[in-house]
1. Could you work out the percent of alpha carbon pairs in segment 142-213 separated by over 16 Å, rounded to a whole number?
2. Taking 2.2 N^0.38 Å as the expected size of a compact globular protein, what ratio does the Cα radius of gyration of segment 232-282 give against it, to two decimals?
3. Assuming a ≥ b ≥ c are the square roots of the Cα gyration tensor eigenvalues, decide whether segment 8-58 counts as rounded (a/c under 1.5), prolate (otherwise, with a/b larger than b/c) or oblate.
4. Holding the Cα-Cα limit at 18 Å, pick out from K36/K276; K199/K260; K150/K192; K2/K36 the pairs that are longer than that.
5. Hey, in the GNM for the chain with a 10 angstrom Cα cutoff, which one of Y106, Y274, Y64 fluctuates hardest?
6. Hey, can you rank 2-12, 89-99 by average C-beta count inside 10 Å, highest first?
7. Counting helices only, and only those DSSP H runs with n ≥ 4, report the 222 nm mean residue ellipticity of the chain as the sum of -39,500 (n - 2.57) divided by its residues, in deg cm²/dmol to the nearest 500.
8. Can you send over the carbon and sulfur percentage of the accessible area for the chain, probe radius 1.4 Å, protein chains only?
Amino acid sequence: MKGAGTNEATITEVLAHRTIAQRQRIKEAFKQSVGKDLADELSSELSGNFRSVILGLLMLAPVYDAYELKTAMKGAGTEEACLIDILASRSNAEIRTINAFYKKEYEKSLEDAVSGDTSGMFKRVLVSLLTAGRDESDKVDEAQAVVDAKEIYEAGEARWGTDEVKFLTVLCVRNRNHLLRVFEEYQKISGKDIEESIKREMSGCLEDVFLAIGPSVPLSLSLSHQGLGTTDSVLIRIMVARAEIDMLDIKAEFLKMYGKTLYSFIKGDTSGDYRKILLELCGGE
């Protein structure tokens, strides 16, 4: 960053190939040796989407999540995809940390912010996820799985109108393994997979959040939810937040859904230093 101009290639080379923990140590070392905050310095040197990626990479995961949630609820309108992506895919411990950081940083509870910005059943699902009360064991209760499947079927396909509360109770509370059994049972009872039923019974954000909690079990798949004409904010969030977690899974799922690699999509859809850093985070075809 010294002198006129900025060497973006070096910034990309260093930050895209370090872990979150290593980047925190780089920030500390920078402050010790230069007496300035690295994020502040980079913020004034860079611009646009490239800057957004770099600043995201310098944050701890829960800090980045809280920042993204705050941004999604800023001003008029809400970016629901962001709320769904983060709240439906984080562990109880991660949600608790995000809640604590949000409160400290923005002097308002995340639940209050979400409640003020959303409504109806969608709001209730998000508030349920924010309690961080999901069962996280691996235990499958066979008898309960049969009951759950039957209750979801009776709350949706088997009746006129949909009792969304029943979906919430099962999808937001049960553990992943148990849910997989519920979905198998559901298929037997209804002759349909759960995803198909959710799409028939729900619409809009509610459909998206139930799909995110349910069937696409461990993946962060907003990219595929958004369709190929994805917005930069979604692309940046996934590449920054998931690079160290499930990027290989996301790439495999993307290929399956679109018949093209995530790498080639980024290459064709972005440009400049922004493209270079996303491709580094993506890690090849």
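The values are calculated or read from the model by the stated rules, or taken from the named source; none is laboratory data. Because the structure is a prediction, the values reported are computed rather than measured. Neighbour counts run over all protein chains shown; Cβ positions are idealised from the backbone, glycine included. The protein model used for the area step is the full one, side chains on, heavy atoms only, and it has no ligands, DNA or RNA in it. Shrake-Rupley method; radii C 1.70, N 1.55, O 1.52, S 1.80 Å.
1. Considering segment 142-213, 39 percent of its Cα-Cα pairs are separated by more than 16 Å.
2. Numbers: Rg = 10.2 Å, N = 51, 2.2 N^0.38 = 9.8 Å.
In units of the globular-protein estimate, segment 232-282 measures up at 1.04.
3. Oblate, because a/c is 1.5 or more while a/b does not exceed b/c.
4. Those over the limit are K36/K276; K199/K260.
5. Y106
6. 89-99, 2-12
7. Dividing the helical sum by the residues of the chain leaves -20500 deg cm²/dmol.
8. 49
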